[in-house]
Structure formats: C-alpha cells, structure tokens
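The values are calculated or read from the model by the stated rules, or taken from the named source; none is laboratory data. Given the structure is predicted, the values throughout are model-derived calculations rather than measurements. A quick note on method: Cβ atoms are made from the backbone with ideal geometry, for glycine too, and the neighbour counts reach across all protein chains shown. The protein model used for the area step is the full one, side chains on, heavy atoms only, and it has no ligands, DNA or RNA in it. Shrake-Rupley method; radii C 1.70, N 1.55, O 1.52, S 1.80 Å.
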Number of protein chains: 4
Amino acid sequence: MTRKLRAGVLGATGTVGQRFIQLLEDHPWFELGAVAASGRSVGKPFQRACSWKVPEPMPEYARDRILSPCRPGLEVDFVFSGLPSSIAGVVESDFARAGYPVVSNSKNHRMDEDVPLLVPEINPDHLELIPLQKKRTRSSGFIVTNPNCTTIALVLALAPLHRAFGLERVSVVTMQALSGAGYPGVSSLDVTDNVLPFIEGEEEKVETEPLKILGQYKEGQVDRAEFRISAQCHRVNVQDGHLEAVSASFRQRPSRSELVEALASFRSLPQALNLPSAPRRPVVCLEEPDRPQPRLDRTLEKGMATVVGRIRPCPILDFKFDLLGHNTIRGAAGAAILNAELLLARGMLEGKQ
Amino acid sequence: MTRKLRAGVLGATGTVGQRFIQLLEDHPWFELGAVAASGRSVGKPFQRACSWKVPEPMPEYARDRILSPCRPGLEVDFVFSGLPSSIAGVVESDFARAGYPVVSNSKNHRMDEDVPLLVPEINPDHLELIPLQKKRTRSSGFIVTNPNCTTIALVLALAPLHRAFGLERVSVVTMQALSGAGYPGVSSLDVTDNVLPFIEGEEEKVETEPLKILGQYKEGQVDRAEFRISAQCHRVNVQDGHLEAVSASFRQRPSRSELVEALASFRSLPQALNLPSAPRRPVVCLEEPDRPQPRLDRTLEKGMATVVGRIRPCPILDFKFDLLGHNTIRGAAGAAILNAELLLARGMLEGKQ
Amino acid sequence: MTRKLRAGVLGATGTVGQRFIQLLEDHPWFELGAVAASGRSVGKPFQRACSWKVPEPMPEYARDRILSPCRPGLEVDFVFSGLPSSIAGVVESDFARAGYPVVSNSKNHRMDEDVPLLVPEINPDHLELIPLQKKRTRSSGFIVTNPNCTTIALVLALAPLHRAFGLERVSVVTMQALSGAGYPGVSSLDVTDNVLPFIEGEEEKVETEPLKILGQYKEGQVDRAEFRISAQCHRVNVQDGHLEAVSASFRQRPSRSELVEALASFRSLPQALNLPSAPRRPVVCLEEPDRPQPRLDRTLEKGMATVVGRIRPCPILDFKFDLLGHNTIRGAAGAAILNAELLLARGMLEGKQ
Amino acid sequence: MTRKLRAGVLGATGTVGQRFIQLLEDHPWFELGAVAASGRSVGKPFQRACSWKVPEPMPEYARDRILSPCRPGLEVDFVFSGLPSSIAGVVESDFARAGYPVVSNSKNHRMDEDVPLLVPEINPDHLELIPLQKKRTRSSGFIVTNPNCTTIALVLALAPLHRAFGLERVSVVTMQALSGAGYPGVSSLDVTDNVLPFIEGEEEKVETEPLKILGQYKEGQVDRAEFRISAQCHRVNVQDGHLEAVSASFRQRPSRSELVEALASFRSLPQALNLPSAPRRPVVCLEEPDRPQPRLDRTLEKGMATVVGRIRPCPILDFKFDLLGHNTIRGAAGAAILNAELLLARGMLEGKQ
C-alpha cells in the first residue's frame, strides 16, 4: 500500500465514535482524517468536546483534532459513522450521495434492500449489492452497515451452524452490558442491585437482522434466511460484554461433537485475507463448565470473536449454549473497521473521487 | 387456637435459618421453640453464633436464645429445616423417625416417592402421601418439603397455565440473585462486573421438580406431569430476587388475554383458608413494559408471590414472559412456613406426641 | 387536632418529591393537598408523570392526583419543596410572599440571614428568625430549610459533642450514595467498579452549613459557630445511605466513654414533644467493629437517625469514627417533614390565611 | 546479561502469586524457575490447581508447570513470596536460611529490624540492612519486603513531600478494592450496595509502615521518621485500585504549585537505572476536577504509579488531595518485582550459591 486511507469519524464524541478513535490508533491501513460531531462540539478540540468513556486512555493523536460538522466536505477517503439513529439516516445518505463510502454502525439503513448488512466472515458476497445501490443513488458513494451489537455476537455462532446443519428455530435470552446503552445511558439508580427486562427495539433487531445476514444474495437481492428467532433482551449490571443464552434446532441434527467442531473450526474470508482486525478464531469454544463470563472472556481475540461455552443438549430444541460478544468492539466500532478492511481488500474503497 | 405451636429451626444460623427467625417474629400461629445449629455454635447465644445477613434487623426475641445441637430431643411441636444438603438428609430423617413433623427447605428428600414436594396453592392433595410415609417409617413424624427457589417462582406461574391450557414445553433462562448461594456464597471478585453462566445442580432441579409438583396424586403415588422443561441458569449481581425469562407452548393455545386472565385470577386453597403467610395474589401481573424488576418488585405481596410481566407471543413456542420471585422468602423460608400453616389448617400438625 | 393540614408538594415527581409522597402516606398530622411539578407534567396524573424510584411501592393515594403548576394558588395550608435548585430560589420566594409557609429541602435559601436552617434536635430556637423574615417580606408566609443530606447526618452527631466538649476541628471524608444525585443522576457507566472523588458544590456545603446550624441565635441573628471543618466528598456504588469518616478535636477533650455517652444519650425537643417523625434516638451508637454499614444500618430508626460506630482515639485529632445517615429520608424529605411537625407543634403552621 | 535469573514463586496459586506469574511473562531479566504452593496443590499442573482471577488471561507459559511444595530445594536463583501471613513467617525464614534471596510481599517480616521494607524510589539505602541480616542468620540468603498495598500508594506520594517540606501530620481515609482481600475474600452479599468500614489490621499497617520506609538508615539501623499518621480504612465495591483521601501538614508549608511540582517531578533511582518495571513517573498528577478514579486511572504507568488529584488547601491541615494506587500491581507483585530488579542492579541477586 502506498499510503494509508484517511477515515473520517462521524459522531466522534459518542461512545461508538470514541471506540473508532481508539481502535484506529496505529491501524496499518487507515488513519484518522477528520473527526465530526454535532453542532455544539464543532470547532472544539476533540479532548475538550468529548467525555471519554472507553476504558483504554484517549490516544494522544486525537486529543487536539478539531471537530468538523457532520456534512460532506471532509477531506477523507471514506467515513465511519457512529451517529445516533436520530440523525444517522439523513446524514449518511448525504455523505453517500456526495461520493463517500459510508461504513456505518447505525441502525437506520441496515434493512434497506440494497445496503449490505455485512459480516465479513458470513456474507462478503452481499457486497454485490453496492453497484446496485450506486446505480440507484447515481453516486460513487455508498453505505455499508454492520449489525446490532447483540445480533453480531449471535450470528457469528449461528453462521457455521446454519451452513452445516440448517437452522430451524433459535431462542435467545440476552443479558446485555451497560455500555450498549451509550452514555449517560442507564442510570445507576436503575441497575444497581437490579436487572432490567426490557431494551427498546432490541428484540425486533435480533429477530430480523440475522435473517438478512444469513440470507442468499441472488440476482440483485438478498433472500432472507428461513428460520425463526425469538429474543428476550435484558440489561444487567456489567460494563462490557453481552451474554446470550441460546437454544437452537436444526434441519439435520448434529451430534454435540459435530456442533462443537463446526463452531471451533469456523474460518472464513477475513482470516484467509488476514485482515488486520480479523480475529484468528471468529468463534472461540470454551470447555470449562462456568464459561463464558463477561469480565473474563470479553477481550479474547481482542474483543473481535464470539465466545461459546456450556454446549449441551436441550430438552426442547436440539442444543443449548451460552455465548458472549464484546458489544463495543465486535458489536460496534470493531465490526465497522473490519467491514472497511474487507472493502479495501476487495478494491471497493479506493476512496472518494 | 388455644396456644401457639412451638417451632424448632434446624440450621438456624444459616441464611435460610435466619429468614425463618425473621419471618416467625410475631407469627400468629407459631412461636420459636428452639434454635439448633451445627457443632461449633451449640451452646452459644444466637446473636453471637450468627452472622446476620437478612436485610431486616435481627429480631430482639431471638438474640439470646441458646443454640441446641441438631438432634431429636428439642422441646418443640415440629421443626423447620434450613440445613445444608450435606447433612439435611440424615438429620431430617432422624427427626421424622423420632416423631417430629419436619418442614424442610432442603433438597435432599424432595424427590422421595412418599415425601410431598408441597406448594399449597398447587398440590395440597399431595399431603395424602404423608400417611404412607408414616407407615413406611413407622413413626408419627414425617417430612414435607418445598421446592428449590427457582422452581417455586416458576411453578406458581405454570400451575394455572397448566390447569387451563395444558403445558407442552417450557423454556426458562434464569438470572438468579446472590443470596441464593448462601453465605459467604459467591465471591465479590467473581460477580462484580460479571454474570456467571453456571450454578451447580440448579438446572436439573428446575427441569424435574415442577413435574412432581404439577403431577397427579393417584392411589398412593404422584404421577409426574408430562411436559418438557429446559433450564439455563445464571447468577447475576443482584442481592435478592430471581428473574426468569420463560417461553411456553400449550396443548390448547390460549389468547394473550386468556393467558393473562388465568395468571391474574389464580387463587387457591391458601387464599381460601386465609393462611397467615398466603399472598393475596399468588401471581401478580404487571403491564408496564419494563417490569418485573428484582429491586422494585421482589417484595410485592411480602415476597410471597410470583410477579409476571412482558407477556407476549413467542415466534417459537406460544407465549413468552418474564417472571420474578423472592428467592429467600417464597423461595425458601416463607414457602416452608406456608407449608406448615397448611399442615396446621389440615390438622396434620398437632405436634410431636 | 381537629383536621389534618393540607400539604402541597412542589417538585413532586422528582426523587425528593417522591419521598415526600411516600412518607406522607398515613401521616397523622398532614395530608397531601396538592402535587405540583414543572411544565410538561402539569395536568397529568401523578403516576403517569412520575418515574417512581423510591424502593417502597408508590402509595395508592397519590396515583391519580393531577399535577398542578408550581405557582401560588394551590389549595393547601403549606408547601414542601423538593424543587431543583435551578428554580427553587424564585418559586419558594413566590410562595412565601403569597402567604404560604414553605418547608424546603432545596439549597437556595439555606444561608439567607433570616431563614432558619433548621434541625429540630439542634436549633429549634432559630425559628425566632421567622418573625423577622415575615417582617422583611411583609407576608404571613415564610421559608424554613433543612440542611444538605451530608451535612445533616454529620451535624446530628456533632451537636451533642459541641454542646458537651466544644468542637475545634472536624475532618470528614464522605462516601455518598447514588440517590443523592437525583434521577437519572450518576450514569451506571461512571460508577460501576469505580468511586468518583468529586461532587460539585458538596464540600462547600458541608464546610459551612454546620456552622450556621450550630450557631447561636442572639438578638435577631445567628452567630456562626466557631470551629473549622474540612470535607472531602466521594460518590460510591451504594443505593442509599451516606457513610462519613470523621475525626474531631475538642476544647475539652473527653474520654472515649464520655464521648459515647454524649452521643448515645442525646435527646432533644422532637423526642420530648414526641413528634410523629422524630427518631427515638437521634444518634444510634453501634459497638460492633465493622459498623455502621449503609445496607445494614440505613433504616435504623426509620432512616431518621445518624448511626455512629468505630469510635476510637485519633493520632492527629482527638477521636475518629464512622457515621451513616439515610440521605433521602433524614437527609431530605424526612428532615423537612420533621421541620413541619415542629412548626405545627410550635403553632407556626396554622396554615395560609 | 548472560542469562535470565530463575525466580521461584511461593504461593503461586493465590491472587498475589497469580500476579507474579502474569507480570513475569516476558520479563527481560527474570524467568519462572518454579511454582510452589501448599499441600493440596503440590504435584498438580498450575492451571489445574489455580482458580485464575487476574483480569488478563493466564499466560501460556505457566499452564503446565507442576507445583512444588514451599520448601527449600527449588532450582531457582531467588524466590518471590506471595504466601499468606499464616505461613509466610516460617517459610520465608526457612528459604533465607537455606541461602535464597527472598523477595516478599507478605507482612510477617516487614517490621523486623534488619529486614528492608523497600520502596526503590524512596529508600534504596535501606538495602544496607542486608549484610547485617545475613550476619545474624549466618546465611547467604536474606529477606526483602515491600509494604502493604495501601501503604505503598500513600508513601510514594508522601516521600517527595517529606523530603521537600517535612511532614508533620497525615490523615488518610481509604476506599479499598475487593482484590485486596484475596480470593474468595469479600462475599458479594456483604459488599453489594454497601461499604465496609473496617479491614482487620489495615489501619495499624498504614499508621506504622510509612515511618519505617521514610526513616533514616544510620549505623546499622533505620530510625523511624517522626510524623503522625491517622488511617481510617474502608472496603468499597471496586475490583482493583485503592483510593485514598489524604490531608497533610508540613514543617515548611509549601504553596500549592510547589507541592504539585514536588509530586510531579519526583524521579528516583529506579528511573535513573531504567529498571524494567519502574514507572516513568512514580507519581502522576491529574488536574481534572474529578480524578483520580479507580476504573479510569489504575493502569496508568502500567499500574506502577500513584495517581494524585484534587490537590487543594485544607482548612485543618495544610493540603488535601486524593490518591490512587493499583493494589495488586504496585501494591503487591509489581512492587516485589521492582524490588528484585533493584537488587539485581545492585549486584545483590547473584542468586543462590
């Protein structure tokens, strides 16, 4: 590579934006070209406008960057979007129409028919939607999205199982971390000595996004996968790391060892291409009886893998297990960065002309 | 009633034993006749031997009671057992053979064929096992047990549904409180900023006990109910109150309003008899979208009810919902006290002869 | 008493306002005459406008009360104010000028020269400021305030020591509960696995308010007490109950037993008058080596007392100890209610003419 | 250096021992020569005998090491001791008499007259006690200790102030992390929604150890520093990182900027020698109004520094501030490793002959 591509970060002061800043430090392919935020922050240095909440310290390189407005005109090759959903829809479309590749973590365009809901290990072929999208918008820019934080941890484990055995039904009960609600997010008064059995809009996402991700690209569209998902979502008193209790049934019921083998041996395109942010193992299987645990296992594979444990037969569906994903790394900014790496590797990120 | 019956508490210094002491204060039918504990504590005053962990203050009346050994000979009419399972099996049998009614919270004898696993709202007819038990042991004493803390919260909600619609399959994922592990129980280092996806032996209890409780007493035995349960149990950072995410399918699928009606209108024998510890409503249904919550709802009906919320259709089974029970009140000592009240009301607790 | 006085609650939907509602249920002298809140809530039923955060359930009697605006005109005999400081200053003055007795928990008027900063056990004679205040404002209404939540727990212990031995220097390091910050208050992301070493404006209040409270009323003014206080305030991950590590030196250094005796035997006017909310013991001394603890001791004396423990000599000042107060009961709404009870007992709350 | 020295770790399976294992991975001067533990673990592989509690994953290199008994005979050049105080006294003396340098984190020998209580930044000259110690024990082995976790965080900040301005009085109130109590340590039931105002033996250590550390070595002995310390110790619901609220008075009262300068510019021998584990800055000063915070600041300088903030005048003593130290890194294993590095740099760790 002759030079690093310049990435803009939209919504840079938010919790997802902060993760972009942290993960882009020393990235081998990308450098921070611009930070952009909403009205009140524009013109201020990043460290002044931002209440830093990522556990790792704020990288030196970003401290004095001046915040731009979230409008096309940034001197960058592409943008990452960590914008809140209240404005992401319009702003991302504006950037795409202005010729920017937009690699978004926001929910707004995920289910658009010609927008890939991309997980590089699972559906890289969905990138074929992009020429159609460009054609529709008559622009060289485009939008690529990554899934909801709960969805992605789940779907990384479902994908190899679906390919191998054909999913029929998936039941998932989540115990989600506080950081998933952003900042200030959940009041300490609500969650101390407590569990919250409701997260607005979350169950709908978990019940629909996997069907698009695991769907088949065919002749210009993605046919939804045909299995059923039921989700019950909870917020627990954990800083980072969504834990999910899953049970699933299959068209061809595997043995336990076949199921473990399918998960543990799962490797895909990002591993073959050796993308910088790709986990060596997209799914890590633990055999200890009391794992995965959020605090102990969320940073395995630098937070880019789904960690699975307690695999055992289910008296109702075929098998049940617990899985864990780092919701602000693989569940947000890390997922978008991996998406951008795949785009670059596929020659689709030559940058804004 | 001419006089209060004298209750002994076995395992009085443990967390369940402490709840017995607290709940027996000012009980209209029972008074504390003796406190008994293991070797090192014998002969000490209760307040010296006991590290009090119940949120309510230690009742004055118990402070200076001297601890007896856990051996028959106590001057009481019956005993409550909050003994640890390592010794409960033998000690409870000893007391029963010595002529004491034993109202136990321990797991050891729950699945014995002629021992009632009693929930007064559900299976008071299982008390007919007691004459058979007495006959087998050739004693006027006997053992009655209450279910595991997770089971009882679940089965109080399942019972009216099973009666009305016939359960087929029940999937339950639990988020259980710290007090369920006793004291010292879970280390703070293990559960701070964490969830533990494993509780030894718990899933087995939850998958089997309800089938006995909801079974039919017929000709000297209890035929197990015939539906399937799958449990996935977790420990979360909550002081008291087990939260359970349930989904269920039925032989005759009800409408949502029929299901709510069956739960909310559930009344049974303890309510009809107006037993002192009986909740007015064994099942409380909440309609707010984010309830039940452990900290807000665990003390409804003085901790003696199961609180249900978020009732909605399930894409896999028929309906899903969250339920909550107070694990150290209805889930332990409170359940045993209600059992004793039913025994007394039925004339089965005339006391040790 | 012929009839209960009607109390209005200003700021009824806030966390302090909710405590007023909860504590006024079944009050022997007062009844809820009106609930008032800010613009958006006006006209709604209380239960719809309020996100209830008090651990006890919302009392039935308040659920359907319609919220009025915070403007004079309420049909009540006096008002309690739990208003945020951003508006309390003006609104409370408006009510006082309109003839209402205002019993306030807000900070705005605490240090006004002719406004009593009242703690009924300590400075009931400061009520003599009220005629002066009425004269200045040419109104039959007036304002009485209670101290900051941290101050009041501290000053209840300092008062008997100051009277008996003459305070010279007081050093206090606080570990304050989350509820002290209101709702939503502290983000769970900020305080999980953490302590916050700063609470805006808190140290200033703790270093000055006690000097007014313990000051001498003389000829129309309160002369500040003359000792020095140093405060270092922290927020910890506790729901309710401020813990304070105190050390103090005295003009006449007492023995340890004299100091304990002064604290434990402290009784004052509210106890003599048997005011309904008065704690039997304003200061409770515990001798166990590891007390007081917020979760175990905050509700002693129904949350109206200061609980002291670990009294021991200090190598620098004379004695050191830990104290605990319930910040939303004696530290807020409960303090104001006790103030109103004293006003009534003194004939100063005949109500708005 | 021609080869790495082989370090044995006594008490390897405990929480301090685990930190030794983790910090020794890839150490430039030391390699793990042996792991030793108490009876039941001997003969087992480390990963089987150890319940790993350090947040970082268990290093690969240690997993299969077989545990030896804690008796001389280990094939190592020196030993680190993370033994519990119940056995450390005798076992460490045994190793020293057998010719091993013992670098201990245990409390047993800290106050022995000829045992250095070593903080390399503060009192490297106390190593002159070692020849005397060897002479007394007639051995080539010896014991060096590091302070208690709370002491060391405090004394790193006190040292430059004492040198520059002469300490007179120091008051410290601590809010200590759960990991300081070892494993299982504090029960989750005790500390959830709570603060514990008592840690056995802790205040005594904090009030005495600094006086030895800051004492003068003169003619074969250490004269205690002559200032007074008062400590009040609390346990809070934080995983790692002891926070301490300090106030201090001085013989020559500095200005605030002089005090900050003395802290922030503090450098000493470990920095001059560039010891591998030496923090670049032994004391880090933060100017933000709400720092230091345990979760955000405990890993500054890899957990080897004391972090100071909120420096401001004190109405009673001269200045007050908050400080933070990582209790299991600089407060335990990291301190011992730095001690060993200094010993090696000074030619005092040529190893067991």
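A few points about this structure:
- Which listed residue, of A:PHE20, A:PHE30, is touching a residue at least 24 places away in the same chain (Cβ under 8 Å), out of contact with any Ser or Thr (no Cβ under 7 Å at 6 or more places or on another chain) and over 25 Å from A:ASP240 (Cα atoms): A:PHE30
- Close pairs (6 angstrom Cβ cut-off, 6 or more residues apart or separate chains): closer than 15 Å to A:SER139 by Cβ in the range A:88-111, open to solvent by less than 10 Å² (accessible area, probe 1.4 Å) and of a type in the set (Ser, Thr, Tyr) anywhere: A:GLU92/A:SER81; A:GLU92/A:SER104; A:VAL102/A:SER81; A:HIS109/A:THR145
This table checks each residue for (1) assigned to a helix (DSSP H, G or I); (2) within 9 Å of another protein chain (Cβ to nearest Cβ).
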| position | (1), (2) |
| --- | --- |
| C:ARG280 | no, no |
| C:LEU296 | yes, yes |
| C:GLY334 | yes, no |
| C:ASN339 | yes, no |
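- Among the conditions (1) at pLDDT below 95; (2) crowded, with 16+ Cβ neighbours inside 10 Å; (3) of a type in the set (D, E, K, R), the only one that A:ARG6 does not satisfy is (1).
- Residues that are within 21 Å of B:LYS4 (Cα to Cα), open to solvent by 50 Å² or more (accessible area, probe 1.4 Å) and aliphatic (A, V, I, L, M) occur at least once in the range B:62-72.
- Applying the set (1) within 14 Å of chain B (Cβ to nearest Cβ); (2) free of Cβ contacts under 8 Å to residues at least 40 places away in the same chain to D:VAL54 leaves exactly one unmet item: (2).
- Residue in the range D:79-100 that is farthest from D:ALA36 (Cα to Cα), counting only those that are touching a Gly at 6+ places or on another chain (Cβ under 6 Å) and not in a loop (DSSP other than H, G, I, E, B): D:ALA96
- Scanning the range C:298-317 for residues being under 16 Å from D:VAL173 (Cα atoms) and either more than 11 Å from every other protein chain (Cβ to nearest Cβ) or assigned to a loop (DSSP other than H, G, I, E, B) (or both) gives a total of 5.
Per-residue answers, yes or no, for (1) in a loop (DSSP other than H, G, I, E, B); (2) surrounded by fewer than 23 Cβ atoms within 10 Å (Cβ to Cβ):
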position: D:ALA12; (1), (2): yes, no
position: D:VAL16; (1), (2): no, no
position: D:ILE21; (1), (2): no, no
position: D:GLY33; (1), (2): no, yes
position: D:ALA36; (1), (2): no, no
position: D:GLU56; (1), (2): yes, yes
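- Condition check for C:VAL284: under 13 Å from C:ASP322 (Cβ atoms), open to solvent by less than 10 Å² (accessible area, probe 1.4 Å) and within 14 Å of chain D (Cβ to nearest Cβ): no
- Residue count for the range B:109-143 satisfying the condition of being of a type in the set (Lys, Arg) and outside any helix (DSSP H, G or I): 2.
- Any hit, the range B:275-288, residues being touching a helix residue (DSSP H, G or I) at 6+ places or on another chain (Cβ under 9 Å) and acidic (Asp, Glu): yes
- The range D:287-309: number of residues that are open to solvent by 30 Å² or more (accessible area, probe 1.4 Å) and not polar (S, T, N, Q): 10
- A count restricted to the range C:318-329 and to residues that are more than 7 Å from chain D (Cβ to nearest Cβ) and among the charged types (D, E, K, R) stands at 1.
- Residue among B:GLU202, B:GLU207 that is open to solvent by 40 Å² or more (accessible area, probe 1.4 Å), more than 14 Å from chain D (Cβ to nearest Cβ), out of contact with any Lys or Arg (no Cβ under 6 Å at 6 or more places or on another chain) and modelled with pLDDT of 95 or more: B:GLU207
- In the range C:144-199, the qualifying residues are those that are in a loop (DSSP other than H, G, I, E, B) and under 30 Å from C:GLU261 (Cα atoms), and the one that is farthest from the chain's Cα centre (by Cα) is C:GLY166.
- Residues in the range C:212-245 that are assigned to a loop (DSSP other than H, G, I, E, B) and more than 9 Å from every other protein chain (Cβ to nearest Cβ) were compared, and the one that is most open to solvent (accessible area, probe 1.4 Å) is C:GLU219.
- Annotation: of all residues in the range C:11-51 being among the aliphatic types (A, V, I, L, M) and touching an Asp or Glu at 6+ places or on another chain (Cβ under 8 Å), the one that is farthest from the other protein chains (Cβ to nearest Cβ) is C:ALA34.
- Test: residue in the range A:329-340 that is open to solvent by 10 Å² or more (accessible area, probe 1.4 Å) and not β-branched (Val, Ile, Thr): no
- For the range B:116-160, filtered to residues that are surrounded by fewer than 20 Cβ atoms within 10 Å (Cβ to Cβ) and in contact (Cβ under 8 Å) with a residue 60 or more places away in the chain, the residue that is farthest from B:ALA345 (Cα to Cα) is B:LEU132.
- Complete set of residues in the range B:96-114 that are of a type in the set (A, V, I, L, M) and surrounded by 20 or more Cβ atoms within 10 Å (Cβ to Cβ): B:ALA96, B:VAL102, B:VAL103
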